[in-house]
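Rule-based calculations on the coordinates, nothing more; no lab input. Treat the numbers as computed from the prediction; the structure is a model and nothing was measured.
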Amino acid sequence: MPKKQAKESNKKIEISIPGGIAKKIEKGMEKGCEPKYNCQAHSGGAVYGLGFLGAAVYYITTATGFWNGVWGVIKALVWPAFLIYELMKFLMM
């Protein structure tokens, strides 16, 4: 299929989308960029990453041997679970 025909066939496709989202998509298409459905900042990964680094440093520096350091890195991966557990234990007092 030649490129000219492909472009024309794309123009004929219509999709029913709720009004607000459709307007955002149209604005994005006018600017020549991909439509974005979620424009919020994603800072959760940064918080988890900094928490992982902090927990890893803490657990490794307090380790008394090599395997305790390895166990500390594993614990650093799941630090949010420890945080929630201690928070729930504190709140249930």
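Some notes on this structure:
- Comparing segment 44-91 with the 2.2 N^0.38 Å rule of thumb, its C-alpha radius of gyration ratio is 1.20 (two decimals).
- A full extension of the chain between Leu53 and Ile84 corresponds to an added length of 9.4 nm, given 0.36 nm per residue minus the alpha carbon distance.
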